[in-house]
Amino acid sequence: MASGNKQISKAQATKRINALSKELEHHNYLYYIKNSPKISDYDFDTLLHELREIEALYPDLVKPDSPTQRVGGAVAEGFNSVPHRLPMMSIDNISTEEGAYDFDRRVKRLLEIDEDIQYIAEPKFDGVSASLTYENGLLIQGATRGNGLVGEEITANLKTINTIPLRLKGNKNIPELIEIRGEVLYPIEAFKMLNKELSEEGEPIFANPRNAASGAIRQLDSGITAKRPLDFYAWGVGEVLGFEINLELEIVEALRVWGFKVEDHIMKCENIDEAISYQKEVESARDNLPYEADGIVLKVNRKDFQRELGATAKHPRWNIAYKFKPRQATTKINDITVQVGRIGLLTPVAELEPVKIAGITIKRASLHTEDIIKDRDIRIGDTVLIQRAGDVIPEVVMPIIDKRSGKELKFIMPEKCPSCGTPVQREGSYNYCPNLSCPAQLKGRIKHLASRKAFDIEGLGEKIVEQLMEEGLIKDLADIFYLKKGDIIPLERFAEKSATNLENEIEKSKKVSFERFINALSIRHVGERLAQILAENFSSIEELMSATQQSLVCIHTVGDEIAKSVVHFFELESNRELVAKMLKARIEIQHKEKTEISDKFAGQSFVFTGALQTLTRDEAQKLVQDHGGRSTSSVTKKTSYVVAGEDPGSKLEKAQSLGVEVLTEEDFRNLVGSD
């Protein structure tokens, strides 16, 4: 390895770089495309580390398709506009069987034939379309769809997506130039996890996976994009030079050979009836897809037919999107209220006439920001179209203007916090209450402080917190740690035993890890993971409180916005007094010994399902992390173990169907060892 021999010659470096690049890309392909890894994550990272070291010795040997180029990095000044070699036209759509038959009849009429037309059918991804240009097999440019004629150049960001090959696989049949088109997607399970984390951190959440994917690929810092679990499915081509294509199905087969991820459910249909049956099958299975899909796409298989059919000014005539039944309904907005979150974020919420969508009664829908309400012209009293995709939160799509009576009222974001009356501050598209003692924030902050990922105070639920605040027993976070049994007994629903139990829980919680202490403070942009990173980089709370923005941004994954937030939090005298008051209550911050970390589970991933008896879910996941492993929420072929407790859910069945090893809780404890 390079670290063992800094005198490696340039000739040796060239040879080793080529070998490592080839090996790493092969394993990347096996992992992300074939779902059949042959080496552990640890071994992969070791090879990648060696490649980085050699490239650092000889920067002029770094190639644009090197595996090290996937990590992203430098902040760009903006996106350049790039014209598409061939327009990325939108697809016309239908929503009924009769519409499908009309499309088929129209195709036959334009081609002046009577025989059945062969179609290629595939799920219609609900993501962000992108174009990739390869010259002699090397990726040279990536762009958004834009307006169809001109897109934004986002090559550096797209390179960070592991399912996009930096160089086309194979040595034969590589075109001189080819424009690959496909969809950037935010997988549903990862999206749910993202919104959960954002919600826990008091940050604005995304309305749907498409918005999350769009935001991720349009980051000015490709290093941020690299941290997002984005996926890419190739579905077609634009301009092609030096490669003959006669059938749409040949494109599908070529994309697979070149190393792209292609949807497994693609089907060749001999006639329109088979295509309609396919649409029904995919619609019935849509909840089992790992991504959002809102229909299928039908394409005439023969390329000569496609050329003959041509396009209108807006749409190709040789393909159509056959949409699924909408998960939508119309209802009325009775009011728009404003919620104040734990970090002070003001979120407008539509209070709806209850309506059922896909078996779920919807009463409220987030409107996210004041700007969205203005852009969509949503008013109190409007009849609106709302939708719910899978487990994604309900969303107001648009008002139905024709049903307005003239009595509808425009929404105005309050200038003062509805909870405490403090003047609201605006940051970008978002409105915040800056008062950390705001009752709405305080209630959320205390609830968060008492949660399992902070001080873990059992029995301090929302209703108890409200009681304590109403009685004036809690005016800030630190007051919790001064509560005694005598303060609690007079409260409704409390007796001596329950009051004693809560006092004991509070006392027990005073021994807390540094990362949980930081997480409990509810610093904007600092959630569980960032708290862990800060705890690893600072030796004490006093050192963290004195940190400068410059010292913070030197920490991996801490950007300017996070650094500003941390510095600003501790600049406020009230917050410094709060920390001092907490420490005066005999809170003992425990710092993790570095020796606790091992690599026993390096490269392995665990999924937990069902109720564990001797460990909490958090404790079990922490054991995995402390031994170098990863704990994930969904089961795939790449999962190392599924640990099944009592009453396991569908994850157990999926593990068994994929052949993933299943452990009992006892098996897991034995695997961990002395812990």
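The values are calculated or read from the model by the stated rules, or taken from the named source; none is laboratory data. Note that the structure is predicted; figures quoted are calculated from it, not measured. FYI the Cβ positions are ideal-geometry reconstructions off the backbone, even for glycines, and counts take in every protein chain you see.
Is it the case that Ile140 is part of a strand (DSSP E or B), out of contact with any Asp or Glu (no Cβ under 7 Å at 6 or more places or on another chain), more than 28 Å from Glu292 (Cα to Cα) and in the same structural domain as Ile188 (by TED's automatic domain parsing)?
Against the criterion (part of a strand (DSSP E or B), out of contact with any Asp or Glu (no Cβ under 7 Å at 6 or more places or on another chain), more than 28 Å from Glu292 (Cα to Cα) and in the same structural domain as Ile188 (by TED's automatic domain parsing)), Ile140 qualifies.
Does the stretch 99-115 include one or more residues that are under 25 Å from Glu253 (Cα atoms) and of a type in the set (Ser, Thr, Tyr)?
no
Give the stretch 395-417 a look and list any residue that's closer than 24 Å to Gly344 by Cβ and touching a residue at least 12 places away in the same chain (Cβ under 8 Å), or say none.
Result: Glu395, Val396, Phe411, Met413, Pro414, Cys417.
Given the structure, is Glu507 crowded, with 16+ Cβ neighbours inside 10 Å, modelled with pLDDT of 85 or more, in a helix (DSSP H, G or I) and of a type outside the set (Phe, Trp, Tyr)?
Considered against the rule, which asks whether it is crowded, with 16+ Cβ neighbours inside 10 Å, modelled with pLDDT of 85 or more, in a helix (DSSP H, G or I) and of a type outside the set (Phe, Trp, Tyr), Glu507 comes out as no.
For (1) over 30 Å from Gln549 (Cα atoms); (2) of a type outside the set (Asp, Glu); (3) outside the structural domain of Leu48 (by TED's automatic domain parsing); (4) in contact with a Ser or Thr (Cβ under 8 Å, 6 or more places away or on another chain), each residue gets a yes or a no:
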| residue | (1), (2), (3), (4) |
| --- | --- |
| His568 | no, yes, yes, no |
| Leu583 | no, yes, yes, no |
| Lys600 | yes, yes, yes, no |
| Gly610 | yes, yes, yes, no |
| Gln625 | no, yes, yes, yes |
| Thr639 | yes, yes, yes, yes |
| Gly645 | yes, yes, yes, yes |
| Ala655 | yes, yes, yes, yes |
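State all residues of the stretch 1-45 that are at pLDDT 75 or above, within 13 Å of Pro67 (Cα to Cα) and not small (Gly, Ala, Ser); if no residue qualifies, say none.
Matches in the stretch 1-45: Ile17, Asn18, Leu20, Lys22, Glu23, Leu24, Glu25, His26, His27, Asn28, Tyr29, Phe44.
For (1) buried (at least 17 other Cβ atoms within 10 Å of the Cβ); (2) over 30 Å from Ile174 (Cα atoms), each residue gets a yes or a no:
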residue: Val237; (1), (2): yes, no
residue: Phe243; (1), (2): no, no
residue: Asn246; (1), (2): no, no
residue: Glu253; (1), (2): no, no
residue: Lys261; (1), (2): yes, no
residue: Glu292; (1), (2): yes, yes
residue: Val297; (1), (2): yes, no
residue: Asn301; (1), (2): yes, no
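Filter the stretch 160-176 down to residues that are surrounded by fewer than 16 Cβ atoms within 10 Å (Cβ to Cβ) and touching a residue at least 12 places away in the same chain (Cβ under 8 Å) and give me whichever is nearest to Gly238 (Cα to Cα).
Per the stated criteria, the residue is Glu176.
What single numbered condition from (1) within 26 Å of Glu239 (Cβ to Cβ); (2) touching a residue at least 40 places away in the same chain (Cβ under 8 Å); (3) out of contact with any Leu (no Cβ under 7 Å at 6 or more places or on another chain) fails to hold for Arg106?
Single failed check for Arg106: (1).
Could you check the stretch 212-263 and list, in sequence order, the residues that are under 16 Å from Ala143 (Cβ atoms), in contact with a Phe, Trp or Tyr (Cβ under 8 Å, 6 or more places away or on another chain) and of a type in the set (D, E, K, R)?
Across the stretch 212-263, the qualifying residue is only Arg218.
Looking at Phe243 and the list (1) in contact (Cβ under 8 Å) with a residue 24 or more places away in the chain; (2) within 22 Å of Pro209 (Cα to Cα), which single condition is not satisfied?
Result: Phe243 passes all but (2).
Looking only at helices (runs of 4 or more DSSP H) that fall completely inside the stretch 222-327, which ones have 1 or more residues that are assigned by TED's automatic domain parsing to the domain that holds Thr133 and in contact with a Cys (Cβ under 6 Å, 6 or more places away or on another chain)?
Fully inside the stretch 222-327 and qualifying: 272-284.
Please go through the stretch 440-475 and pick out each residue that is more than 29 Å from Val424 (Cβ to Cβ) and either modelled with pLDDT of 90 or more or in contact with a Gly (Cβ under 7 Å, 6 or more places away or on another chain) (or both).
Phe455, Asp456, Ile457
Going by the structure shown, is Ser574 touching a residue at least 60 places away in the same chain (Cβ under 8 Å), assigned to a helix (DSSP H, G or I) and closer than 23 Å to Tyr432 by Cα?
Yes, satisfied.
Take the residues in the stretch 546-584 that are of a type in the set (Val, Ile, Thr) and at pLDDT below 90, then tell me which one is surrounded by the fewest Cβ atoms within 10 Å (Cβ to Cβ).
Per the criteria, the residue is Thr557.
Would you call Val128 under 30 Å from Leu158 (Cα atoms) and in contact (Cβ under 8 Å) with a residue 24 or more places away in the chain?
yes
I'm told Glu153 meets every condition in (1) surrounded by 14 or more Cβ atoms within 10 Å (Cβ to Cβ); (2) out of contact with any strand residue (DSSP E or B) (no Cβ under 8 Å at 6 or more places or on another chain); (3) not small (Gly, Ala, Ser) except one. Can you identify the failing condition by its number?
Checking Glu153 against (1) surrounded by 14 or more Cβ atoms within 10 Å (Cβ to Cβ); (2) out of contact with any strand residue (DSSP E or B) (no Cβ under 8 Å at 6 or more places or on another chain); (3) not small (Gly, Ala, Ser), the one that fails is (2).
Looking only at residues in the stretch 86-103 that are without any contact (Cβ under 8 Å) to a residue 40 or more places away in the chain and assigned to a helix (DSSP H, G or I), which one is surrounded by the fewest Cβ atoms within 10 Å (Cβ to Cβ)?
Within the stretch 86-103, the match that is surrounded by the fewest Cβ atoms within 10 Å (Cβ to Cβ) is Glu98.
Given the conditions (1) farther than 25 Å from Val282 by Cα; (2) surrounded by fewer than 16 Cβ atoms within 10 Å (Cβ to Cβ); (3) modelled with pLDDT under 95; (4) not basic (Lys, Arg), and given that Leu346 satisfies all but one, which numbered condition is not satisfied?
(2)
Six or more apart or on different chains, Cβ under 8 Å: which pairs go from a residue in the stretch 139-152 that's without any contact (Cβ under 8 Å) to a residue 24 or more places away in the chain to one that's polar (S, T, N, Q) and crowded, with 21+ Cβ neighbours inside 10 Å? Could you list them?
Going by the 8 Å Cβ cut-off, the qualifying pairs are Gly142/Ser131; Gly142/Asn157.
Could you tell me which numbered condition Phe517 fails, if it satisfies all but one of (1) among the hydrophobic types (A, V, I, L, M, F, W, C); (2) touching a helix residue (DSSP H, G or I) at 6+ places or on another chain (Cβ under 9 Å); (3) over 23 Å from Ser437 (Cα atoms)?
Going through the list (1) among the hydrophobic types (A, V, I, L, M, F, W, C); (2) touching a helix residue (DSSP H, G or I) at 6+ places or on another chain (Cβ under 9 Å); (3) over 23 Å from Ser437 (Cα atoms), Phe517 breaks only (3).
Which is in contact with a strand residue (DSSP E or B) (Cβ under 8 Å, 6 or more places away or on another chain) and not charged (D, E, K, R), of Ala535, Ala547?
Among Ala535, Ala547, only Ala535 is in contact with a strand residue (DSSP E or B) (Cβ under 8 Å, 6 or more places away or on another chain) and not charged (D, E, K, R).
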